[in-house]
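Asker: Quick one: the structure is below, and I'll ask about it shortly.
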Amino acid sequence: MSKVFKLISLILILTLLMTLNLTGCKKEELRKVRLIEVTHSLFYTPQYVAITQGFFEEEGLKIELTDGKGADKCMTALLSGEADIAFMGPEASVYVYTQGRGDYAINFAQLTQRDGSFLVAREPDPEFTFDKLKDKEVLGGRKGGMPFMTLEYVVKKHGLTPGEDVNLRTDIQFDVLAGAFVGGEGDYVSLFEPVAATLEKEGKGYVVASIGKEGGYIPYTCYSTTKSIIEKDSELVQKFTNAIYKGMLWVQNHSSEEIAKAVKPQFPDTDDEVLIALIDRYREQDSWKPDLIITEEGLNHMMDIMELAGELEKRADYEKIVTTKFAEKAMENIKK
């Protein structure tokens, strides 16, 4: 009996070791993708859903996510080879292309179709109108960045002239705008979520307008990679696009409560009720329509805004900085 027992024990140990080894191999099969995002915001919920619900793993990918804290930094990381895919406003790719770089950035999928920022005041103002910005100071973010240019576009749309009627400040970094506002800088500030809602909860600021609603359709935040990666590793780009589309569909088909639970690991310090309220806010303005395709009309509208801001001397060719083949294939093959 002793020999039989030892034999059985040996078999069990070998089986356990083989199982652990196979599991390790399976994990190693996942390909790491270095993804850098412009900022960490609930505005990008479908991306986080794709991560937490395992859609990237389904495509054989493992995401290494980094907060780039600005489109300029994201583009630098992409072009230097420190990131495989960058998630930011496509204005950055316009700048790079018009500078004549050979291995420029190409946008292959959009996630959001409008600006995701909100105008925050120091006091509640349910009757807010943009003419109230006259003779006021607004903290707007980095000059040349899409959040600031969209804000400027909206202000001009309402008949105000920046620099004359309203002071739009660009001297404060995007990631410290809220802190500067709480510290007494400016009369208003343009913020993403969940930062704006956090200020509301703390009684330090109040959302009075949606810049996204006012700005209209723009391919606001898109995924891009270099021309060389698209040429040499199109399979990677396709798998990544598939996972993002799965995340978009999941968001479309689930309740705000379910979505909040799914993204909670990405925003552990944000209260559940705040997450739900913000998700409702973004859904109300149709921020996450499951459409990956960057249209020529949308890109042109974005470049119109850039020209209006005085930030664009030469327009980029849509056919050069946008490809829709990965988005089209994902939307065709992955059913709603």
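The values are calculated or read from the model by the stated rules, or taken from the named source; none is laboratory data. This is a predicted model, so every value here is computed, not measured. Using ideal geometry, Cβ is built from the backbone for each residue, glycine included, and neighbour counts are taken over all protein chains shown. These accessible areas exclude ligands, DNA and RNA; they are computed on the full protein's heavy atoms, side chains included. Shrake-Rupley method; radii C 1.70, N 1.55, O 1.52, S 1.80 Å.
Asker: Lys/Arg Cβ at +1, Asp/Glu Cβ at -1, dipole of the chain taken about the Cα centre: which of Leu111, Val49, Val195 is farthest positive-ward?
Answerer: Going by the charge dipole, the pick is Val49.
Asker: With only Lys, Arg, Asp and Glu charged, each at its Cβ (+1 for the first two, -1 for the last two), find how big the charge dipole of the chain is about the Cα centre; round to the nearest 20 debye.
Answerer: The dipole of the chain has a size of about 1500 debye.
Asker: Hey, another quick one. In whole percent, and with a 1.4 Å probe on the protein chains, what portion of the accessible area of the chain is carbon and sulfur?
Answerer: Within the chain, the accessible surface is 51 percent carbon and sulfur.
Asker: What's the longest uninterrupted piece of the chain once you rule out the GluC sites (Glu not before Pro) that are loop residues per DSSP with at most 10 other Cβ within 10 Å?
Answerer: Here the longest run is 1-126.
Asker: Could you list which residues have their amide H under 5 Å from that of Tyr104, counting only those 5 or more apart in sequence or on another chain, with H placed in the peptide plane?
Answerer: Here the answer is Lys227, since their amide H atoms fall under 5 Å of that of Tyr104.
Asker: Can you work out the FRET efficiency for the pair Thr295 and Val182, with r the C-beta to C-beta distance and R0 = 41 Å, to the nearest 0.05?
Answerer: For R0 = 41 Å, the calculated efficiency reads 0.60.
Asker: I'd like the Karplus ³J(HN,Hα) series for region 164-177: coefficients 6.51, -1.76, 1.60, θ = phi - 60°, whole numbers in Hz, and an x wherever there's a Gly or Pro.
Answerer: 10, 7, 8, 9, 9, 8, 10, 8, 10, 4, 3, 6, 10, 4
Asker: Let me ask you something else. Out of residues 5 or more away from Gly205 or on other chains, whose amide H comes under 5 Å of its own, with H placed 1.01 Å from N in the peptide plane?
Answerer: The answer is Glu200.
Asker: Counting only heavy atoms of the protein chains, get the accessible area per residue of the chain (1.4 Å probe) and round it to a whole Å² value.
Answerer: 47
Asker: ³J(HN,Hα) across region 33-50 via Karplus (A = 6.51, B = -1.76, C = 1.60, θ = phi - 60°), whole Hz, x for Gly/Pro?
Answerer: Using θ = phi - 60°, the values come out as 10, 8, 10, 10, 10, 5, 6, 9, 9, 4, 4, 9, 3, x, 5, 5, 4, 4 Hz.
Asker: Ranked by accessible surface with a 1.4 Å probe, highest first, in what order do Asp135, Asp286 come?
Answerer: So, going from the largest accessible area down, we get Asp135, Asp286.
Asker: Longer than 19 Å from Cα to Cα, which of Lys132/Lys156; Lys156/Lys320; Lys213/Lys320; Lys136/Lys157; Lys227/Lys325; Lys246/Lys329 are they? Say none if no pair is.
Answerer: Lys156/Lys320; Lys213/Lys320
Asker: Quick one: the Cα spread of region 225-276 along its three principal axes, in angstroms, biggest first?
Answerer: Computed over region 225-276, the largest-to-smallest principal extents equal 45, 24, 12 Å.
Asker: Of all DSSP beta bridges located in the chain, what percent are antiparallel, nearest 5?
Answerer: 50
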